[in-house]
1. Does the range 246-342 classify as rounded, prolate or oblate by the C-alpha gyration tensor (a ≥ b ≥ c root eigenvalues; a/c under 1.5 gives rounded; else a/b over b/c gives prolate, otherwise oblate)?
2. Cut-off 13 Å, label point 7 angstrom out along Cα-to-Cβ of PHE289: give me the residues of the range 366-388 whose amide nitrogen falls inside.
3. Considering the dipole of the range 280-326 built from charges on the beta carbon (Lys and Arg +1, Asp and Glu -1) around the Cα centre, which of ILE297, SER320, SER287 is farthest to its positive end?
4. List the pairs from LYS209/LYS235; LYS19/LYS235; LYS19/LYS66; LYS24/LYS227; LYS209/LYS369; LYS3/LYS271 whose alpha-carbon separation is above 29 Å, in the order I gave them.
5. Roughly how many whole Å is it from the C-alpha centroid of the range 1-44 to that of the range 140-195?
6. By how many nm would the segment from LYS231 to MET327 lengthen if fully extended, with 0.36 nm per residue of separation less the alpha-carbon distance?
7. Using the crude model of +1 on Lys and Arg Cβ and -1 on Asp and Glu Cβ, and no other charge, please compute the dipole size for the range 245-393 relative to its Cα centre, in debye to 20.
8. Report, in debye and to the nearest 20, how large the dipole of the range 152-277 comes out about its Cα centre when Lys and Arg carry +1 and Asp and Glu carry -1 on their Cβ.
Amino acid sequence: MSKLKFRSIFLSDIHLGSKGCQSKLLLDFLDKHSCKNLFLVGDIIDCWRLSSKLYWPQEHSNVFNKFLSMSKEGTKVFFITGNHDDFLRRYQPLQLGNIELTEEITNERGIEVDLEGFATNMAEQRNRGRQDLSEKEEVSASNADLQLILEQHGPTGFVGYEANEATAKVLYCDGDSVILDRSPFYAEAGGQVGDRGTISGENGSALIKDTVYGAAGQHLHIVESIKGELKTGDKVVGAIDISHRLAVQRHHTGTHLLHWALRQVLGDHVKQQGSWVGAERLRFDFSHFEPLTNEQIERIEDLANTEIFSGEEMEIIETSMNEAKEMGAIAFFGDKYGDEVRVLRAGANSLELGGGTRVNHLGDVGPVKILSEGSIGSNIRRIEAVAGSAAAALIRRHRLAASTAWDNSLATAATGACRFLRRGSQESAVWRPSLTESGDPDSLAPGASVDAPGAKGSP
């Protein structure tokens, strides 16, 4: 069977380095299709997952080698990094925020992209990582294992919108990850990080540090540590880390309010181009053609915080895609929607499509403070911000820094004054003998003065 030929193919969210990566399906697709241009549009390699746990089977290397071979065979490969693989920018000589990288462009500019060298460095890094892992810690779950569980039990029943904990049955546990038949843990998606928490049963418990997708609709709970034993068939209780979830929810809702405020201040051309929300901060990418002024940033903050302090109740509307469009709901960049969608109404003004978890009332978000703003590509800008307790912590740090700076200023001034007085005292000790000896103030050193009016020679 001959390959299907296309002018351009776009690939994104492959997540090499994660257990949920469907590398075999991707390789099969690439073997059956050819193209003149291959666009790798973000999150090709999952640096976040690799930073917490090394997972890089040979089939993931095969994907990368496939891209390399396609490039050598004449396909133009464009690589634009996403938030999960922005570490690649450190390996490229051409840095333009969101990187558009091709061998052709860089060669025209006299720059060589050493993809083979990068692959070698990746192999070396994997070897170093293996030295730090015990046999117990090595990942044993394969894509085949995850697919088999999915075929037998179906997708994970997610109950995290309604509950913070749930009774469930263990479908799989290998010491590195756990799969349950139902779960309150939100799996990382749409820019929102996954939940963490605990899974506890009669025979043991596991501390969960992250939740991601395995096979389609399957929640993979990433284990940090296990006490006792968890095995297939065990009845357990899964409980999320509520404080972590609340912090993430504040930042997620904050992105909606900032999106609305940006459009109010800058114009309706502003559209979300990506986002990331965690417990510590949020990141929001948007379309705009010039840097923001300090006045614009302050106005954006003021509008968002005014909505927050209104304390309006959040509203989730489940409806059809057509009805959502008629309501004027804005879709988030990169999200995939079916016929039935969730619409989030955040106060009187913000109306957007989206999944993820949100606060119940706008007042729960707490103050929003923009940390930075800058360009990440052509007409694409990025703001980073904090909300809730993270914003309060920032304000406290600024207050302490200001207080320290003031104290240091006072100390510097006091030290300077003491030195001035001490210097004056030393000079006076020289001058006074001169006055005593001569009786003539004109004999003092230039700039010296007598102790008091009425001294000899004064009126």
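1. Details: a/c = 1.62, a/b = 1.36, b/c = 1.19.
Taking the square roots of the gyration eigenvalues as a ≥ b ≥ c, the range 246-342 is prolate.
2. 379-380
3. SER287
4. Working: LYS209/LYS235 20 Å; LYS19/LYS235 25 Å; LYS19/LYS66 19 Å; LYS24/LYS227 34 Å; LYS209/LYS369 27 Å; LYS3/LYS271 37 Å.
In this structure, LYS24/LYS227; LYS3/LYS271 exceed 29 Å between Cα atoms.
5. Each part reduced to its Cα centre gives a spacing of 26 Å.
6. Values: separation 96, 0.36 × 96 = 34.56 nm, distance 4.77 nm.
Value of the extension gain: 29.8 nm.
7. Details: 15 positive and 22 negative charges, 86 e Å.
Dipole size: approximately 420 debye.
8. Values: 11 positive and 14 negative charges, 68 e Å.
So the dipole magnitude of the range 152-277 works out to roughly 320 debye.
Read-outs throughout are calculated quantities, based only on the coordinates presented, and are distinct from any laboratory measurement. Because the structure is predicted, anything quoted here is derived from the model rather than measured. A quick note on method: Cβ atoms are made from the backbone with ideal geometry, for glycine too, and the neighbour counts reach across all protein chains shown.
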